[in-house]
Amino acid sequence: MRIILLLTAAILPAVLLWLYIWRKDPQKEPTQLLVKAVWYGVGICVPVALLESGIHYLLWGEANPTTLAGTTLMAFGVAALPEELFKLFALWLILRKNPYFDEHFDGIVYAVSVGLGFAAMENIGYLIDGGDEWVTTAAVRALLAVPGHYAFAVLMGYYYSIYHFVDRSPRIKISILLVPVIAHGIYDSLAMSGMVNETIGGIGFLFLIYFCVKLHKFTYRKMIAQVRRSREEINPESLTT
């Protein structure tokens, strides 16, 4: 019974966020491709974990950083960059020969599918490692970590579609990876600040909440902009009715 509750707590936040983004899509993508994207997100968890462990060991061995500079390096170099790089690779695989990638919002739908597949699998690992405190871990991650992966994916999908449909400039191409890495790195830097000491961790957590609120407002605006563009592509008269 415990394992069923644990798996439900780990997966449910990702499922709810996926359904939210799916409902926003003006023209639904084929279910088999969305499921494939989710499984790509699940599949990259193993190579990401191996790469992260390798980088961490090279930098700190079996210990953890104990300074803000160290935790920030860990946030960006060990967590944010490898994870977002593999997510982008998975997104590219699902979209490179996808004939259904024909609307602005599609980039966000597929990116979120990849991102939440990764988030759900990562969540399972964290809750299993959480021991008797897994309920607290599940609650915190449902409110912060899983929505974080969702927001990073929205940003990646947004810039992927902008590059594909609108602007093939180097600036937009770089933004596909750079913007979610920056957002992810800031998130993890604040979340990991508690590794320095409790006081810094408490201050970092307050800033983390503030950052998450701002991040989700920003990604919501990006998402709505792409919904409007997709509706216009499907029916140019829809914006005036």
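The values are calculated or read from the model by the stated rules, or taken from the named source; none is laboratory data. Just so it is clear, the model here is predicted, and its values are computed rather than measured. When we count neighbours, we look across all protein chains shown, and the Cβ atoms used for this are built from the backbone with ideal geometry, even at glycine. What goes into the accessible areas is simple: the full protein's heavy atoms, side chains included, and nothing from ligands, DNA or RNA. Shrake-Rupley method; radii C 1.70, N 1.55, O 1.52, S 1.80 Å.
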Which one of L58, L88 is touching a Pro at 6+ places or on another chain (Cβ under 9 Å) and surrounded by fewer than 22 Cβ atoms within 10 Å (Cβ to Cβ)? L88
Out of curiosity, is P82 modelled with pLDDT under 95 and either surrounded by fewer than 22 Cβ atoms within 10 Å (Cβ to Cβ) or on the phi > 0 side of the Ramachandran plot (or both)? no
Do any residues in region 131-151 that are over 24 Å from V179 (Cβ atoms) and part of a helix (DSSP H, G or I) have Cβ atoms under 7 Å from those of residues that are open to solvent by less than 40 Å² (accessible area, probe 1.4 Å) and among the small types (G, A, S), where the two are at least six apart or on different chains, and which pairs are they? T137/G130; A138/A9; A138/A10
Among residues of region 125-138, those that are open to solvent by less than 30 Å² (accessible area, probe 1.4 Å) and of a type in the set (A, V, I, L, M), counted: 2
In the set R141, R168, which member is of a type outside the set (V, I, T) and surrounded by fewer than 16 Cβ atoms within 10 Å (Cβ to Cβ)? R168
Taking the condition of a type in the set (D, E) and either within 15 Å of I44 (Cβ to Cβ) or touching a Gly at 6+ places or on another chain (Cβ under 9 Å) (or both), does E103 pass? no
I'd like the full set of residues that are assigned to a helix (DSSP H, G or I), more than 13 Å from E84 (Cα to Cα) and of a type outside the set (S, T, Y), limited to region 41-69. V42, G43, V46, L50, G54, I55, H56, L58, L59, W60, L68, A69
Would you confirm whether any residue within region 196-207 is of a type in the set (F, W, Y), under 28 Å from V15 (Cβ atoms) and either under 15 Å from the mean Cα position of the chain (by Cα) or open to solvent by less than 10 Å² (accessible area, probe 1.4 Å) (or both)? no
List every residue pair whose Cβ atoms sit under 7 Å apart, with the two residues 6 or more apart in sequence or on different chains, where the first one lies in region 93-111 and is without any contact (Cβ under 8 Å) to a residue 24 or more places away in the chain and the second, anywhere, is basic (K, R) and surrounded by 24 or more Cβ atoms within 10 Å (Cβ to Cβ). none
Specify which of the listed residues (V46, V35, V42) is at pLDDT 95 or above, among the β-branched types (V, I, T) and under 30 Å from V166 (Cβ atoms). V35
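Per-residue answers, yes or no, for (1) open to solvent by less than 40 Å² (accessible area, probe 1.4 Å); (2) free of Cβ contacts under 8 Å to residues at least 24 places away in the same chain:
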{"position": "R2", "(1), (2)": "no, yes"}
{"position": "T8", "(1), (2)": "no, yes"}
{"position": "I11", "(1), (2)": "no, no"}
{"position": "L19", "(1), (2)": "no, yes"}
{"position": "K24", "(1), (2)": "no, no"}
{"position": "E52", "(1), (2)": "yes, no"}
Within region 1-34, residues in a helix (DSSP H, G or I) and more than 22 Å from A151 (Cβ to Cβ) come out as R2, I3, I4, L5, L6, L7, T8, T31, Q32, L33
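Table: residues versus (1) among the β-branched types (V, I, T); (2) at pLDDT 95 or above; (3) more than 26 Å from F86 (Cα to Cα).
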{"position": "T137", "(1), (2), (3)": "yes, no, no"}
{"position": "P147", "(1), (2), (3)": "no, yes, no"}
{"position": "R171", "(1), (2), (3)": "no, yes, no"}
{"position": "V181", "(1), (2), (3)": "yes, yes, no"}
{"position": "L190", "(1), (2), (3)": "no, yes, no"}
{"position": "F205", "(1), (2), (3)": "no, yes, yes"}
{"position": "F218", "(1), (2), (3)": "no, yes, no"}
Qualifying position, being open to solvent by 10 Å² or more (accessible area, probe 1.4 Å) and modelled with pLDDT of 95 or more, among Y163, Y110: Y163
V112 meets each of (1) closer than 18 Å to Y187 by Cα; (2) touching a Gly at 6+ places or on another chain (Cβ under 8 Å); (3) part of a loop (DSSP other than H, G, I, E, B) with one exception, condition (3)
Any residue that is among the aromatic types (F, W, Y), more than 18 Å from A111 (Cβ to Cβ) and open to solvent by 80 Å² or more (accessible area, probe 1.4 Å) - is there at least one of those in region 211-220? no
